[in-house]
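Everything below concerns the one structure shown next.
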Amino acid sequence: MAAATTASSRESSFVLLIVYQLGICLLILSSLAAADDVSRASPDSAPPGCTNDNRLVIVKSWANGVEKDSLGGSSAAFGSILPTHLEQGHRFPATFSEPLNGCSPSSSKLSGSIALVQRGDCSFTTKAKVAQAGGAAGLVVINNDEGLAEMGCANNDTALNITIPVVMISKLGGEELNKSMARGVKVELLLYSPNRPNIDYSLIFLWLMAVGTVVCASLWSKFTGSEQSDDRYNVLSPKDSNAAANDDEEKEIIHITTKSAIVFVITASTFLLLLYFFMSSWFVWLLIVLFCIGGVEGMHSCIVSLALRKCKGCARKTVNLPFLGEVTILSLVVLIFCLAFAIFWAAKRKASYSWIGQDILGICMMITVLQLAQLPNIKVATVLLCCAFVYDIFWVFLSPLIFHDSVMIAVARGDNSGGESIPMLLRVPRLADPWGGYNMIGFGDILFPGLLVSFAFRFDKANKKRVLNGYFLWLTIGYGVGLLFTYLALYLMDGHGQPALLYLVPCTLGTCVVLGKLRGELKQLWSYNTEPTERTAVPSGEV
């Protein structure tokens, strides 16, 4: 058993290292719960005289009659309205304009086809007029970067007579079409703009995953039969306090302080700016590697803890390994499985089913992090969550005033990342959205409120509170309601990024403070675990 204890302590040390490595990344991505991963147009020019709404467009393509992957685009503020159903659309051959900028009459025949032109050199309305004069059935503008831009009207184009649909696609989409047409393949396009559902059912599953992760992490000591992490919160004699301190040292629990909370947010802001200015594919790959390491450690810790509850004798079988020393066979077998799982996910991370592996690794990692990092009282929780609250709002809503772009959303979107996506989030594919994509929630939106909910559970247990008279149930409900407010705001803002902690912090920390004030326990919650000689258990029936 001593060998098993040594191995367990060694594994805990490595997990602690991973927590420090991933901590900054987790805070950076705290607003992803309210980010929409479907590409949207960004403002480009004012549209006087233009009356069309900017809408997302699906560009279906066929090469020699074989259907290819659809492309995403956005419609212009002028031109004809696209149909909302696939059956109402019409297929037309695609033809590149000559010259490619589409600013002058094309030498290539555009009649009865969808003209493809490159953005630049003249206004969007000029390109549309030239294409329409050439007999084109539609116009597709290829952007000069990976995003989409709103196609408005020039200031002198207040009265337009453009009757063809005008759509913009990304630079990557244009390159895909060019590759097919360069081989002499006949490419056909169909443009339509379906209505997006108000609510996608996958949000329910994502909500359940987020709330379930917080609840599981809080109750993990019950699931695994481990009581050590709660002993130090009981009313202890000096002797028992020393024992608890020794247990803490063995488990290497991270006790968050007010100073570390402030430093953490400042450091995270610095790192966020580095990501914003120097984002690249190798940087995202570094995050992917860190995510895999943390996911392996989290998954390993969760599986071993659950296995030892069912088979305590498994910890007695050990083996000596180079560099690692004596470890349990169970731990080694589980580690090999977790490594294989993470490697498989990394290799297939762009597959349609990869979200399952990403969610499993992420949930296991967050459960482990919430076992290692703990809040001692409401004072520290207030500092940490209020700092994160301001951090989230500033980098989502106020940063455009300085950087002309929402820094948080730009990093979450993965601009200049070479097509790689940041993995520190849970995601579920949209079931009813014609554009597909994923609903997402960042790890920070689970971890920060989760720290407070976990503290509430330990407080209730130490003070022998019943469910209704405690704090855990009400903070869990508050967290769930806060998530609902987040998704409501996302819907009302038409999918534009929202700082999720704007809604989660008041619904969790606010609930705790209000309940504590009403019950006369706010002072105890505020200084809990800092003055053990003055702390006494509160009877379960006291309100």
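The values are calculated or read from the model by the stated rules, or taken from the named source; none is laboratory data. Note that the coordinates shown come from a computational prediction; the quantities given were computed from them, not determined experimentally. Quick reminder, even Gly has a Cβ in these numbers, built from the backbone with ideal geometry, and neighbours come from all protein chains shown. Protein only, heavy atoms only, side chains kept; ligands, DNA and RNA dropped before computing areas. Shrake-Rupley method; radii C 1.70, N 1.55, O 1.52, S 1.80 Å.
Side notes on the structure shown:
- From the list I114, I162, the one residue that fits, being in contact with a Phe, Trp or Tyr (Cβ under 6 Å, 6 or more places away or on another chain) and surrounded by fewer than 23 Cβ atoms within 10 Å (Cβ to Cβ), is I162.
- Qualifying residue in the stretch 396-412 (condition: touching an Asp or Glu at 6+ places or on another chain (Cβ under 8 Å), over 22 Å from S202 (Cβ atoms) and either open to solvent by less than 10 Å² (accessible area, probe 1.4 Å) or in a helix (DSSP H, G or I) (or both)): yes
- Cβ pairs under 8 Å, 6+ apart, first in the stretch 264-291 and closer than 18 Å to W395 by Cβ, second at pLDDT 80 or above and small (G, A, S): V265/A388
- Residue count for the stretch 284-320, restricted to those that are part of a helix (DSSP H, G or I), out of contact with any Asp or Glu (no Cβ under 9 Å at 6 or more places or on another chain) and not aliphatic (A, V, I, L, M): 13
- Restricting R10, R119 to residues that are at pLDDT 55 or above, closer than 30 Å to F283 by Cα and among the basic types (K, R) narrows the list to R119.
- Yes/no for M440 being surrounded by fewer than 23 Cβ atoms within 10 Å (Cβ to Cβ) and under 22 Å from M209 (Cβ atoms): yes
- Once the stretch 508-521 is narrowed to residues that are surrounded by fewer than 21 Cβ atoms within 10 Å (Cβ to Cβ) and hydrophobic (A, V, I, L, M, F, W, C), the residue that is nearest to the chain's Cα centre (by Cα) is V513.
- The listed residues are Y438, Y503, and the only one of them that is within 21 Å of M365 (Cβ to Cβ), at pLDDT below 95 and of a type in the set (S, T, Y) turns out to be Y438.
- Residue count for the stretch 347-389, restricted to those that are closer than 22 Å to D445 by Cβ and not in a helix (DSSP H, G or I): 4.
- Residue within the stretch 86-105 that is crowded, with 23+ Cβ neighbours inside 10 Å, in contact with a helix residue (DSSP H, G or I) (Cβ under 6 Å, 6 or more places away or on another chain) and part of a loop (DSSP other than H, G, I, E, B) present: yes
- Lone qualifier among F344, F323, F277 - being in contact with a helix residue (DSSP H, G or I) (Cβ under 8 Å, 6 or more places away or on another chain) and either open to solvent by 50 Å² or more (accessible area, probe 1.4 Å) or part of a loop (DSSP other than H, G, I, E, B) (or both): F344
- Set side by side, the residues K179, K129 differ, and just one is among the charged types (D, E, K, R), within 23 Å of K60 (Cβ to Cβ) and surrounded by fewer than 23 Cβ atoms within 10 Å (Cβ to Cβ), which is K179.
- Which numbered condition D392 fails, given (1) at pLDDT below 90; (2) surrounded by fewer than 17 Cβ atoms within 10 Å (Cβ to Cβ); (3) in a helix (DSSP H, G or I): (2)
- Of residues in the stretch 55-69 being crowded, with 18+ Cβ neighbours inside 10 Å and of a type outside the set (A, V, I, L, M, F, W, C), the one nearest to E188 (Cα to Cα): S61
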